[in-house]
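Chemist: Here it is, the structure, as structure tokens.
Quick note: the coordinates plus some simple rules give every number you see, no bench work behind them. Everything quoted here is computed from the prediction, not taken from an experiment. Cβ atoms come from the backbone with ideal geometry, glycine included; neighbour counts cover every protein chain shown.
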Amino acid sequence: MGIQENISLKKYNTFGIDASAKYFSSFSSSEELDELFDLKEFKIQNSKFKILILGGGSNILFTKNFDGLGLKNELKGIELIREDADYIYIKVGAGENWHQFVVYCVNNNYGGLENLSLIPGNVGASPMQNIGAYGVEVKDVFYELEAFHLKEKKIIKFNAADCVFGYRESVFKRKYKNEFIILNVTYRLNKKPIFNTSYGAIQQELEKMNIKELSIKAISQAVINIRSSKLPDPLKIGNAGSFFKNPEVSNSTFNQLKEEFPAIVAYSQSNGSMKLAAGWLIEQCGWKGFRSGDAGCYDKQALVLVNYGNAAGNEIYDLSEKILQSVKQKFNVELEREVNII
Ligand SMILES: Cc1cc2nc3c(=O)[nH]c(=O)nc-3n(C[C@H](O)[C@H](O)[C@H](O)COP(=O)(O)OP(=O)(O)OC[C@H]3O[C@@H](n4cnc5c(N)ncnc54)[C@H](O)[C@@H]3O)c2cc1C
């Protein structure tokens, strides 16, 4: 498509922030990506301009115009590459919509992704963020990915260990930040699904649905029902899901907090530490339902910051800063933003 100039990114981010990209392009094959890097304009600008890969824009907050090249990833394709008695390996283009891919797996009874139903965004960001919900993270089903190295202009394979997955973290958010474009991801899915209903909310919803025989389809539907009831639909109210991560604290810090705040909500971790529910901390500081202009804290889930219409990115950012400071003051706990701030 060549390179366009001064393009509004409003429809490319679920917060609905009206920022612009100085340059903008998209690609739907690795050949198109090569061609793009061969363009004369790109070569001239290459050394000077930053590149931002855009998936579904559901984990980004623009606080200013992007003074570089916004590159929309449109790489499509779902390919079954191998199977054995227990697993099926599926290679998926980074530009495929995440939830549609989950639906495809659920309909084919390939297990592992059902708890991650209805997460917005595209496949390419799933390992970058190590997306997670209801007791499952992408790392649990990840097999490998291929990524294009922007400087060396070559494709490199990463296995799970190479990705250094953590809680909403991977090597692509840290050491290799802005160095790679993820082209495709291969997942290893279970042909004999193992049901994960450890989250109480899923069990309650399954009971409400009156499910007699458990299936991945039922779990997926339960997750869809729960999410639809408590998270704002970005098409109606701009948001990027959880704005902050749930902070992890040591067991002794948790015990001290528990003495002072007996109702504190936390989940124990396999490493012995405790993960605090950031939404609870924010709610206790009085932010739930807060609104200033068009920037606000969602009234059904305090972890989600929202744009009611025409908020600027830095208004949302400033609100997040105030929330961070008040949580620090009340609980002496540092919140960390999950959303990528641009
Ligand atoms: C209502 C709502 C609910 C949500 N719920 C959850 C949830 O339950 N769990 C969860 O984990 N997340 C959740 N999210 C956050 C978000 O959906 C995920 O982080 C998702 O993976 C982002 O995908 P995306 O394609 O929109 O990424 P983008 O926002 O487009 O990009 C995110 C980051 O990844 C980079 N990136 C994107 N694609 C590529 C690529 N191909 N190569 C290299 N870098 C790339 C971008 O440059 C950016 O830095 C939610 C968001 C919303 C709006």
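Chemist: Find which of A201, S268, V223 sits farthest along the positive direction of the dipole of the stretch 191-275, computed with +1 on the beta-carbon of Lys and Arg, -1 on that of Asp and Glu, about the Cα centre.
Modeler: Result: V223, furthest along the dipole toward the positive end.
Chemist: Between D233 and E83, what is the spin-label point distance in nm, taking each point 7 Å from the Cα along the Cα→C-beta axis?
Modeler: 3.4 nm
Chemist: Kindly list the residues of the stretch 172-196 that lie in the label zone of S215, defined by a backbone N under 14 Å from the point 7 Å along the Cα-to-C-beta vector.
Modeler: The answer is 193.
Chemist: Related question: Please list, in chain and number order, the residues 5+ apart from F243 or on another chain whose amide H is under 5 Å from its amide H, with Hs placed from the backbone.
Modeler: Amide H to amide H, under 5 Å and 5 or more residues apart or across chains, F243 pairs with V304, L305.
Chemist: Okay, helix-only estimate at 222 nm for the chain: each DSSP H run of n ≥ 4 adds -39500 (n - 2.57), divide by all residues, round to 500 deg cm²/dmol; what do you get? Present the calculation step by step, with values, prior to reporting the outcome.
Modeler: Working: 10 runs with 95 residues, N = 342.
For the chain, the value works out to -8000 deg cm²/dmol.
Chemist: Turning to a different aspect of this structure: Looking at this model, which pairs from K173/K230; K10/K330; K275/K330; K212/K300; K245/K288 are more than 24 angstrom apart at the alpha-carbon? Walk me through the numbers on the way to the answer.
Modeler: Details: K173/K230 28 Å; K10/K330 36 Å; K275/K330 17 Å; K212/K300 30 Å; K245/K288 16 Å.
Flagged as over cut-off: K173/K230; K10/K330; K212/K300.
Chemist: Also, quick follow-up: What percent does the relative contact order of the chain come to when contacts are Cα pairs within less than 8 Å and at least six residues apart?
Modeler: Working: 694 pairs, mean separation 55.9, N = 342.
That works out to 16 percent.
Chemist: In addition: Which of I155, I81, I119 moves most in a GNM of the chain, Cα contacts under 10 Å?
Modeler: Most flexible of the set in this elastic network: I81.
Chemist: Return the subset of K76/K328; K177/K328; K154/K322 for which the Cα-Cα distance in this structure is over 32 Å, preserving the input order. Provide the component values of the computation, followed by the final result.
Modeler: Values: K76/K328 43 Å; K177/K328 28 Å; K154/K322 43 Å.
With Cα atoms farther than 32 Å apart: K76/K328; K154/K322.
Chemist: Starting from the stretch 267-342, pick out the GluC sites (Glu not before Pro) whose DSSP state is loop and whose Cβ has at most 13 other Cβ atoms within 10 Å. The partial results should precede the final answer.
Modeler: Numbers: sites: E283, E315, E321, E334, E336, E338; in loops: E334, E336, E338.
Sites meeting the loop and neighbour criteria: E334, E336.
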